[in-house]
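Q: Structure in structure tokens, see below.
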Amino acid sequence: MTPEDFDKLQAIMSTRAGYRLTRDRIHLAEHRLGPIARREGYANVEALLANLWANPVASLGWAVIEALLNAETWFRRDRAPFDVFENELLPALSRVRPDGIVRVWSAGCSTGQEAWSLAMCGLETRTQLHLVATDLSQRAVDKARSGLYTGFEIQRGLTARTMLRWFEPMEDQWIVKPELADAVRFGRANLLDEPADDARFDIIFCRNVLSDMEPSRRARVLDGLERRLVDDGCLFLGADERLESDTVAFRAVSGRRGLYVKAPSAIRRAA
């Protein structure tokens with residue numbers, strides 16, 4: 001891959017998805033695009049990119065973007081947010097919501113492990129959840145919706161007891177049981193786009209999504225999350241993600257790493 005090709009990849013990732021690629025990832029990018037080139041019938045990555053620049057077909061462009069996204073995830077990742085969600089937030093919110101339903105959005109759900117983990121928490125506590133999970137990558141959403149995982153993927157984060165409670169074997173893999181499958185609604189969504197509806201949520205998980213985004217795009221995503229979150233709702237970011245000092249829409253919750261609530265100024269603005 002030439003530096004010129006990489007610069008064009010940076011531009012397309014930033015414009016369409018809001019993500020930045022640093023030069024130290026040029027070899028990783030070439031490695032990830034290799035399977036796409038072979039699948040689409042190109043001799044190599046250079047030929048794939050040459051055709052994309054000459055004929056910017058949307059489907060091929062998104063296939064390239066999806067290949068470059070960081071899709072790493074696992075069940076109950078970092079664990080502490082899920083403990084807070086299950087043991088503190090679900091009981092408190094379900095008591096004060098008139099219909100008893102807690103509305104949750106997993107924004108940037110990747111291949112689904114986060115969403116299924118949240119659904120397990122709801123079912124274990126007998127909380128009525130309206131759980132929506134979205135991701136930019138259609139391939140990731142398709143895998144998430146299938147509910148089908150390898151033994152390695154299942155055991156990365158779940159105990160054997162939990163695995164047997166919520167999954168059943170399917171050939172050499174494991175698939176979510178019907179009760180769990182019915183608890184999540186998956187779909188594709190770009191966090192840079194205007195929402196397709198006016199749904200608002202009590203809790204939003206947007207973990208490990210913002211760190212690789214361009215600062216200006218990150219601000220746009222946070223603004224969208226603030227508008228989708230109810231005034232007394234909670235936002236979870238990744239354990240190592242931090243909001244810039246000029247981000248006034250949210251404030252961190254002391255003693256709860258990665259947990260944010262709306263700042264008073266944001267609530268007044270909405271009113």
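The values are calculated or read from the model by the stated rules, or taken from the named source; none is laboratory data. Since we're looking at a predicted model, the values are computed, not measured. Here the Cβ is made from the backbone with ideal geometry for all residues, glycine too, and neighbour counts use every protein chain on show.
Q: Report yes if some residue within the stretch 32-53 is farther than 30 Å from CYS121 by Cα, touching a strand residue (DSSP E or B) at 6+ places or on another chain (Cβ under 9 Å) and among the aliphatic types (A, V, I, L, M); otherwise report no.
A: Taking every residue of the stretch 32-53 in turn, none turns out to be farther than 30 Å from CYS121 by Cα, touching a strand residue (DSSP E or B) at 6+ places or on another chain (Cβ under 9 Å) and among the aliphatic types (A, V, I, L, M).
Q: On the given criteria, is VAL64 outside the structural domain of ALA181 (by TED's automatic domain parsing) and either modelled with pLDDT under 95 or not in a strand (DSSP E or B) (or both)?
A: It is true that VAL64 is outside the structural domain of ALA181 (by TED's automatic domain parsing) and either modelled with pLDDT under 95 or not in a strand (DSSP E or B) (or both).
Q: Continuing with the same structure: Filter the stretch 140-168 for residues that are closer than 12 Å to PHE186 by Cα and in contact (Cβ under 8 Å) with a residue 24 or more places away in the chain and give the result.
A: ALA140, VAL141, LYS143, ALA144, ARG145, SER146, GLY147, listed by residue number.
Q: Which residue pairs have Cβ atoms under 6 Å apart, sit 6 or more places apart or on different chains, and have a first residue in the stretch 169-182 that is closer than 13 Å to GLY122 by Cβ and a second that is of a type outside the set (S, T, N, Q) and not in a strand (DSSP E or B)?
A: Filtered contacts from the stretch 169-182: LEU180/ALA119; LEU180/TRP166.
Q: Here is a follow-up. Just wondering, is there one or more residues in the stretch 120-128 that are buried (at least 24 other Cβ atoms within 10 Å of the Cβ) and in contact with a strand residue (DSSP E or B) (Cβ under 9 Å, 6 or more places away or on another chain)?
A: No: zero hits.
Q: How do the strands (runs of 3 or more DSSP E) wholly within the stretch 227-271 filter down when requiring 3 or more residues that are under 18 Å from the mean Cα position of the chain (by Cα) and at pLDDT 90 or above: which remain?
A: 229-236
Q: Condition (residue is in a loop (DSSP other than H, G, I, E, B), in the same structural domain as ALA63 (by TED's automatic domain parsing), charged (D, E, K, R) and over 29 Å from VAL221 (Cβ atoms)) applied to the stretch 16-28: is it met by at least one residue?
A: No, because not a single residue in the stretch 16-28 is in a loop (DSSP other than H, G, I, E, B), in the same structural domain as ALA63 (by TED's automatic domain parsing), charged (D, E, K, R) and over 29 Å from VAL221 (Cβ atoms).
Q: Name the single residue that is surrounded by the fewest Cβ atoms within 10 Å (Cβ to Cβ) among those in the stretch 27-47 being of a type in the set (A, V, I, L, M, F, W, C) and more than 13 Å from PHE6 (Cα to Cα).
A: So the residue we want is ALA43.
Q: Another question about this same structure. If I ask for residues that are touching a helix residue (DSSP H, G or I) at 6+ places or on another chain (Cβ under 6 Å) and surrounded by fewer than 17 Cβ atoms within 10 Å (Cβ to Cβ), which ones from the stretch 221-246 would you list?
A: ASP231 - this is the single residue of the stretch 221-246 that is touching a helix residue (DSSP H, G or I) at 6+ places or on another chain (Cβ under 6 Å) and surrounded by fewer than 17 Cβ atoms within 10 Å (Cβ to Cβ).
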